[in-house]
Structure formats: C-alpha cells, structure tokens
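Here the structure is laid out as structure tokens; the discussion comes afterwards.
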Amino acid sequence: MSSKVNLLGMTRPQMEDFFESIGEKRFRAHQVMKWIHFFGADDFEAMTNLGKALRAKLSETAEIRGPKVALEHFSNDGTRKWVVELDQGNKVETVFIPDGKRGTLCVSSQVGCALDCSFCSTGKQGFHRDLTVAEIIGQMWIAQRSFGAPDNRGIRNITNVVMMGMGEPLLNFENVISAMELMKDDLGYGVAKKRLTLSTSGVVPKMYELYDRIDVALAVSLHAPNDALRDVLVPVNKKYPLSELMAACREYVDKFPDTRRVTMEYVLIDGVNDKYEHAEQLIELLQNVPSKINLIPFNPFPNSGYKRPNGMRIKAFQDRLMKAGFVTTIRTTRGDDIDAACGQLVGKVQDRTRRSAQWQAKVAAKGKKIPVQQTGS
Ligand code: SAH
Ligand code: SF4
C-alpha cells in the first residue's frame with residue numbers, strides 16, 4: 001500500500017489545503033486539478049506549467065491513483081462499460097450511455113448493497129464496503145480519459161451523471177457528497193446541478209441532510225404504490241414507510257426556490273406491481289408530491305423469479321399515469337450487447353458475501369441451477 005497521498009479524490013478546498021501544507025500557493029491546487037480531471041493526467045511530469053522543483057516535490061509526497069480497469073467494453077451503440085477493480089478483488093461497474101448530445105455516466109457508490117431489494121442483482125450480493133471518494137470520482141476519471149480531454153470549447157462527452165450503479169449512495173454519504181462536489185466543480189467535471197442525479201431507495205433521514213449539503217437532482221426508487229408491496233420489493237420501506245418517504249420528497253422540493261420535481265423510479269415487474277390498480281394507487285400517492293415518473297422495465301437476471309411485462313402492459317401503465325397528468329417516461333435499455341443496463345450493472349461481477357451464498361443455497365434447494373457469477377471477458 002502506498003504511503004503517498006492520493007490527490008484524485010480531493011475536493012477543491014482539500015487540495016488547496018494540501019498545497020498550503022507543503023508550503024505552496026493555494027492556486028497551484030487549481031492547476032493540478034485541471035491536469036487531473038480535465039486532461040486525465042496521472043503523472044506530475046506532464047504538468048508543464050508547474051516548475052521542475054514543484055513537480056519533484058509532488059512526486060515524492062503525492063500520487064494520482066485511479067482504480068484499475070479490469071475490463072473495458074465499448075458497444076456498437078456507443079455505450080461503454082468498465083469493470084473497475086478495487087482492492088482484494090472487489091469490483092464495481094460504471095456505464096456510459098450516449099443519447100444525442102447527452103452522455104450519461106452511471107456511477108457506483110458501494111461494493112454490493114445492504115438493502116436487499118428483491119428485484120436487484122446488487123442486493124443479492126450483500127454489502128461489502130463503501131467506495132472512497134477517489135474510487136467514486138475515479139470512475140468518472142476513467143470514463144473521461146477514454147474520450148480524451150474535452151475539446152477546446154470545453155464540450156464534454158459526459159454531460160450527465162446518475163448515482164445509480166451499485167450501492168445506496170445515501171449510506172456512503174460523506175464520500176458521495178465529496179465526489180459529487182468534484183463532479184460539479186469547474187475544475188473537476190463541470191456537471192450542471194440539474195444533470196447530476198442521486199438515486200436513493202428511501203433512506204429518509206439522509207434525504208433531509210442532503211439538502212443542507214449539496215444541490216443535486218433527486219431520484220427515488222419507489223417501485224410500489226403501497227406499503228405492503230413496497231415492504232417486499234424494497235425492504236428499507238419497513239423502516240421508512242411511504243408516508244415518511246413522501247414527506248421527505250415534498251420537503252426536498254419545497255426547500256429549493258426553483259421549480260423542481262423528484263424523479264420516481266418504478267421498475268415494472270410482470271404481475272407484481274404493473275396492474276391497473278397499482279397505477280391508480282400511484283396516482284393517488286403522488287397527488288401532492290411534485291414528481292415525474294420513470295418506468296423501468298425489469299431487467300432479468302438468473303433466478304430472480306421475476307419477469308419483465310410485455311410492451312403493451314408497459315405502455316398501458318404509462319398511459320394511465322399520463323392521463324392523470326404525470327410526465328412519465330419509459331427507460332429504454334441500451335448496450336444490450338455488453339450487458340450494460342444502468343442500475344443493474346453487476347449481475348456478472350464476482351460476489352463473495354454471505355448473503356450471496358445464502359441466496360444461491362436457496363436457489364439450489366429449489367432445484368434450480370446456481371448461476372456462475374464471474375466477471376465476463
Ligand atoms: N441504491 C440506489 C441506487 C442504485 S439502483 C437506488 O436503489 O435507488 C439504481 C436503479 O436501478 C434503482 O431504481 C433500482 O431500483 C434499479 N434496478 C435495480 N435492479 C433492477 C432490475 N433488475 N431491473 C431494472 N431496474 C433495476
Ligand atoms: Fe441497493 Fe438500490 Fe439495489 Fe435496492 S435497488 S438493493 S437500494 S442498489
């Protein structure tokens with residue numbers, strides 16, 4: 001393990017403090033941040049606007065260490081996926097999804113997830129550990145490097161970021177906030193606040209804290225319109241039921257002076273939460289919550305026990321919500337050839353936790369085939 005400080009995960013104030021601590025002017029931090037995040041540098045020698053002596057000093061005390069890329073896959077439709085290798089075989093995935101002028105990067109915040117939503121392959125792996133700031137922003141750094149530095153008009157390939165990869169971002173709160181600060185910073189990745197979305201399954205107390213710390217767009221993984229069903233699909237609902245979750249959403253929106261809405265994510269699962277009555281309940285539930293709805297056709301993984309509804313059912317669900325006046329989109333699946341659906345990234349990433357073993361044993365007991373989970377190549 002290196003004893004040098006890693007500059008990759010430092011926010012602007014931290015970087016300024018670091019330069020002051022080594023007897024240098026604070027503005028040096030700005031030059032170095034631009035090298036790291038704009039030009040993707042990992043070598044101080046490349047930083048030609050720093051003096052030789054400073055470059056030597058930095059090389060002795062500091063480093064720019066991104067996570068290792070275990071696998072990189074670029075799809076024909078422009079989607080890019082990276083399997084990023086952390087320590088001790090821990091891996092997470094990052095996906096870039098282009099859509100016209102927009103390019104969205106889906107970023108992971110934890111290895112695995114403790115919240116165990118019944119339809120989510122990350123949940124099946126159990127929780128392993130939080131990512132550091134350098135590991136979170138490192139995903140962005142890797143993706144940005146794959147495109148090269150933004151052009152001289154500053155036009156970037158990555159215009160949007162969604163914290164919708166592996167893990168529950170609000171349960172890795174401090175590191176996620178710092179990483180999102182770097183994403184927004186002009187000396188970082190310059191992502192506009194409306195284009196930076198944090199998705200949570202509803203960790204209510206942290207939703208209240210979020211507002212005080214950073215201004216980003218909020219998405220909530222709703223997935224069910226009543227507590228009985230949500231308790232099964234999103235078990236954190238037992239701790240923070242819908243009434244509390246909706247109150248937190250309302251307050252989040254109310255606190256900002258601008259008009260904004262919470263994006264309600266709703267994974268449609270055949271015969272489980274996609275019936276007419278569910279749409280009716282959803283309309284009722286969201287009556288006083290400024291929101292838009294994003295329907296996500298369930299993405300199957302081995303032995304999930306769930307199915308994706310057919311196109312007609314999905315459309316009928318959307319139509320009902322639209323008739324009631326809700327802006328309702330259906331998330332299209334991209335990067336199918338590289339298995340890169342956002343929010344469902346990790347089906348093939350190695351998992352080593354007890355929950356995973358328990359789940360596989362349960363599947364085996366039912367006489368089904370146990371999926372071999374490995375990083376594909
Ligand atoms: N933990 C956070 C963020 C990561 S999940 C959260 O739950 O919001 C990102 C999104 O992908 C969530 O809306 C999640 O519910 C969804 N998702 C998880 N598994 C899925 C699957 N099998 N098919 C479709 N969407 C899925
Ligand atoms: Fe965790 Fe989100 Fe998956 Fe639920 S949907 S298990 S909160 S990553």
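The values are calculated or read from the model by the stated rules, or taken from the named source; none is laboratory data. From a predicted model like this one, the values you see are computed outputs, not experimental measurements. Heads up, the Cβs are rebuilt from the backbone with ideal geometry, glycines too, and the neighbour counts pull from every protein chain shown. Just the protein is used for accessible areas: all its heavy atoms, side chains included, with ligands, DNA and RNA removed. Shrake-Rupley method; radii C 1.70, N 1.55, O 1.52, S 1.80 Å.
In this structure, L229 and K255 have a Cβ-Cβ separation that, at R0 = 30 Å, corresponds to a calculated FRET efficiency of about 0.55. Taking all protein chains together and a 1.4 Å probe, the residues Y240, Y266, Y208 rank Y208, Y240, Y266 from largest to smallest accessible area.
In the context of the full set of protein chains, the stretch 85-143 has a per residue accessible area of 29 Å² (1.4 Å probe). Phi angles of the stretch 274-290 translate, via the Karplus equation with coefficients 6.51, -1.76, 1.60 and θ = phi - 60°, into HN-Hα couplings of 10, 8, 4, 4, 5, 4, 4, 5, 5, 4, 5, 4, 9, 3, 10, 10, x Hz per residue; Gly and Pro are given as x. How tilted is helix 242-255 with respect to the longest principal axis of the chain? Cα atoms for both, answer in degrees (0 to 90, nearest 10). Helix 242-255 sits roughly 50 degrees off the main axis of the chain. In the stretch 98-245, the ratio of gyration radius to Kirkwood radius, Rg to Rh, stands at 1.00 when only Cα atoms are counted.
Over the stretch 133-180, the Kirkwood radius and the radius of gyration, each from Cα atoms, give a ratio Rg/Rh of 1.03. Extending 7 Å from Cα along the Cβ direction at K57 and again at R129 yields two label points whose distance is 3.2 nm. Put a dot 7 Å past the Cα of A149, heading toward its Cβ, do the same for D42, and the two dots end up 1.8 nm apart.
Considering helices alone, the calculated mean residue ellipticity of the chain at 222 nm is -9500 deg cm²/dmol, with DSSP H runs of length four and up weighted by -39500 (n - 2.57) and normalised per residue. Under 5 Å between amide hydrogens, built in the peptide plane, is the criterion, and for K68 it picks out E85 among residues at least 5 positions away or on other chains. Got a number for carbon plus sulfur as a percent of the chain's accessible area, 1.4 Å probe? Here carbon and sulfur together make up 50 percent of the probe-accessible area. Which log10 I(q)/I(0) values does the stretch 216-296 give at q = 0.13, 0.20, 0.25 Å⁻¹ under the Debye formula, counting every alpha carbon as one identical point scatterer? Summing over Cα pairs of the stretch 216-296 leads to -0.38, -0.88, -1.31. Stretched out straight at 0.36 nm per residue, the stretch from D212 to D270 would grow longer than its current Cα-Cα span by 17.0 nm. Expressed in Å, the radius of gyration and Dmax of the Cα atoms of the chain are 21.4, 70. If you take the alpha carbon atoms of the stretch 165-301 and fit the smallest convex hull around them, that volume is 115 Å³ per residue. Between V267, V289, P257, the Cα set farthest toward the positive side of the dipole of the stretch 250-307 (charges on each charged residue's Cβ, about the Cα centre) is that of P257. Computed over the stretch 153-214, the quotient of the alpha carbon radius of gyration and 2.2 N^0.38 Å is 1.15.
The Stokes-Einstein estimate for the stretch 247-336, based on a Kirkwood radius over Cα pairs and taken at 37 °C with 0.692 mPa s viscosity, is a diffusion coefficient of 232 µm²/s.
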